[in-house]
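Chemist: A single structure is presented below for examination.
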Amino acid sequence: MALTGNHHHHLRLSPPLPRTLAPAKTPRSLRTPRLSVAASLAAAAAAPPAGQFRVDVLSESLPFIQKFRGKTIVVKYGGAAMKSEALRASVVNDLVLLACVGLRPVLVHGGGPEINSWLGRLGIEPVFRDGLRVTDASTMEIVSMVLVGKVNKHLVSLINKAGATAVGLSGMDGCLLTARPAPNAAQLGFVGEVASVDSSVLRPLTDSGHIPVIASVAADKDGQPYNINADTVAGELAAALGAEKLILLTDVAGILRDRNDPSSLVKEIDIKGVKKMIEEGLVAGGMIPKVNCCVRSLAQGVRTTSIIDGRVPHSLLLEIMTDEGAGTMITG
C-alpha cells in the first residue's frame, strides 16, 4: 500500500475555509441531472480507478497517521539510499510527507563513501581495521568538512526544496552530543562513542515543525572532534528524545533467518529472539552492531525499532504507514 509515483511530491496543505463561506450555488442551467443509483454505480464502475485508488490509499493510511501524529521518529540514513539520486529523492519526499501529516522526523546521517572520495582527492589513503575506519588527525579534519559542511547541508537543501524546512546540526551544535574516545581509540584514532546527549536544542525545532538533520560528528569535553558511528548516534538520540520509532535504513532486506534466502525475512522479533539469533550465529557481521544499537534504544524506552531496506523506493512510508513494513521490526 505504498504511495507510488508522484502522488505526494507536491503535497500542500491548504488552510481550512472559514465556516461562513458556503459553497457557491451552481446556476440551475449548469446543474447535471441526477442519475439513478444504478446509473451512478455503472458510471463509477466505468470511470478510471486512479482517483479511487488514491482515495483508498489515503483512507487506509488514516489509522497510521493518527497513531504516529505528534510522535518523534528518528531515521538513520546511509548506504545505497544515500548514493542513488532516485532513492535519495524518495527518502526526502517521505520525510516531507511524514512532517506534513504531523509526525516529527529527525534525520541522522553518516557519509562513508563521500568521505572516502574526498580522502582520495586529497591523496589520503583510507585505512580500515576490523571494518572500522582509522581516523587520524588529518582524516578527522576531512570527516568534519565532508559530513558537516557538505553532506549535511546538501540534505538540508534537498528537504527544503521538497517543501519542508530542515535545520542542519552536528553533535557540537547546542552541545547536542558529547563524545568520548571509543575503547579501541588507541588503534582507531579519533573514533568516538556518545558520552551524553542534550536534546534541548532539538525540542524547539521539532515543536515548530522543522526537520533536524544531524551529522554524526561530536566533540569531547576538551573540544576534540570525533567521528561517531551514525547508527549509534541515531540510537542514543532516539532514546534521549523518547522517540516512538528508530528506523535504520540499510542495504539489506532486514534480518534474514537464512542469509542467502531473501524470502526468510523476519518481519517482527523481540529482544530475546534477536539475542538468540546472534548466539546461534544467524545474525552476524555488520548486522550485529545495528541490532545491538536497536536493543540499546529499546532498553532506554524507544517503543519500536526497525532495520529496513533502503534500496526499496519509499521504504520509510512502507515501514510507517503500512502493516507489512519494509524490513524487520524489533520490539521491547
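The values are calculated or read from the model by the stated rules, or taken from the named source; none is laboratory data. Since this is a predicted model, take the numbers as computed values, not measurements. Cβ: placed from backbone, ideal geometry, glycine included. Neighbour counts: every protein chain shown. The accessibility values were calculated without ligands, DNA or RNA, using every heavy atom of the protein model including side chains. Shrake-Rupley method; radii C 1.70, N 1.55, O 1.52, S 1.80 Å.
Chemist: Given (1) within 28 Å of N93 (Cα to Cα); (2) open to solvent by 50 Å² or more (accessible area, probe 1.4 Å); (3) polar (S, T, N, Q), where does T331 come up short, assuming only one miss?
Modeler: (2)
Chemist: I would also like to ask the following. May I ask you to list the residues in segment 125-139 that are open to solvent by less than 50 Å² (accessible area, probe 1.4 Å) and of a type in the set (K, R)?
Modeler: R133
Chemist: Inside segment 294-319, can you point out the residues that are closer than 20 Å to G273 by Cα, part of a helix (DSSP H, G or I) and in contact with a Leu (Cβ under 7 Å, 6 or more places away or on another chain)? Show your work before the answer.
Modeler: The initial filter retains those residues of segment 294-319 that are closer than 20 Å to G273 by Cα, namely 294-308.
From what's left, part of a helix (DSSP H, G or I): 294-299.
Those that are closer than 20 Å to G273 by Cα, part of a helix (DSSP H, G or I) and in contact with a Leu (Cβ under 7 Å, 6 or more places away or on another chain): C294, S297.
One line per residue, one yes/no per condition, for (1) open to solvent by 20 Å² or more (accessible area, probe 1.4 Å); (2) not in a strand (DSSP E or B):
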site: T178; (1), (2): yes, no
site: V201; (1), (2): yes, yes
site: L205; (1), (2): yes, yes
site: I214; (1), (2): no, no
site: N227; (1), (2): yes, no
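Chemist: Answer yes or no as to whether S90 is over 18 Å from M321 (Cα atoms), open to solvent by less than 70 Å² (accessible area, probe 1.4 Å) and among the polar types (S, T, N, Q). Explain how you work it out, then say what you get.
Modeler: Values: over 18 Å from M321 (Cα atoms): no; open to solvent by less than 70 Å² (accessible area, probe 1.4 Å): yes; among the polar types (S, T, N, Q): yes.
It is false that S90 is over 18 Å from M321 (Cα atoms), open to solvent by less than 70 Å² (accessible area, probe 1.4 Å) and among the polar types (S, T, N, Q).
Chemist: With respect to N152, is the statement that it is more than 14 Å from L188 (Cβ to Cβ) and either assigned to a loop (DSSP other than H, G, I, E, B) or open to solvent by 40 Å² or more (accessible area, probe 1.4 Å) (or both) true?
Modeler: Details: more than 14 Å from L188 (Cβ to Cβ): yes; either assigned to a loop (DSSP other than H, G, I, E, B) or open to solvent by 40 Å² or more (accessible area, probe 1.4 Å) (or both): no.
Considered against the rule, which asks whether it is more than 14 Å from L188 (Cβ to Cβ) and either assigned to a loop (DSSP other than H, G, I, E, B) or open to solvent by 40 Å² or more (accessible area, probe 1.4 Å) (or both), N152 comes out as no.
Chemist: Just to be sure I understand, how many residues within segment 186-232 are within 15 Å of P105 (Cα to Cα) and not hydrophobic (A, V, I, L, M, F, W, C)?
Modeler: 9
Chemist: Continuing with this model, one more query. Among the residues of segment 232-247, what is the count of those that are surrounded by fewer than 24 Cβ atoms within 10 Å (Cβ to Cβ) and either in a loop (DSSP other than H, G, I, E, B) or among the charged types (D, E, K, R) (or both)?
Modeler: Qualifying residue count for the region: 3.
Okay, residues lined up against (1) without any contact (Cβ under 8 Å) to a residue 40 or more places away in the chain; (2) surrounded by 15 or more Cβ atoms within 10 Å (Cβ to Cβ); (3) assigned to a helix (DSSP H, G or I):
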{"site": "G70", "(1), (2), (3)": "yes, no, no"}
{"site": "I73", "(1), (2), (3)": "no, yes, no"}
{"site": "A86", "(1), (2), (3)": "no, no, yes"}
{"site": "V96", "(1), (2), (3)": "no, yes, yes"}
{"site": "A99", "(1), (2), (3)": "no, yes, yes"}
{"site": "L119", "(1), (2), (3)": "yes, yes, yes"}
{"site": "L147", "(1), (2), (3)": "no, yes, yes"}
{"site": "L158", "(1), (2), (3)": "no, yes, yes"}
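Chemist: So, one more: How many of the residues in segment 284-308 are farther than 13 Å from K76 by Cβ and in contact with a strand residue (DSSP E or B) (Cβ under 8 Å, 6 or more places away or on another chain)? It would help to see each step written out before you state the result.
Modeler: Keep residues of segment 284-308 that are farther than 13 Å from K76 by Cβ, which gives 284-288, 291-292, 295-296, 298-301, 303-304.
Then keep just the ones that are in contact with a strand residue (DSSP E or B) (Cβ under 8 Å, 6 or more places away or on another chain); that gives 287, 291, 295, 298, 303-304.
Qualifying residue count, segment 284-308: 6.
Chemist: Which of (1) surrounded by fewer than 21 Cβ atoms within 10 Å (Cβ to Cβ); (2) more than 30 Å from D56 (Cα to Cα) does L298 not meet, given it meets every other one?
Modeler: With respect to (1) surrounded by fewer than 21 Cβ atoms within 10 Å (Cβ to Cβ); (2) more than 30 Å from D56 (Cα to Cα), L298 is out only on (1).
Chemist: Same structure again: Is there a residue being assigned to a helix (DSSP H, G or I), at pLDDT 95 or above and surrounded by 24 or more Cβ atoms within 10 Å (Cβ to Cβ) anywhere in segment 248-268?
Modeler: no
Chemist: Here's a follow-up. Identify, from the list K290, K272, the residue that is in a helix (DSSP H, G or I) and loosely packed, with under 15 Cβ neighbours inside 10 Å.
Modeler: Numbers: K290 fails: loosely packed, with under 15 Cβ neighbours inside 10 Å.
The conditions single out K272.
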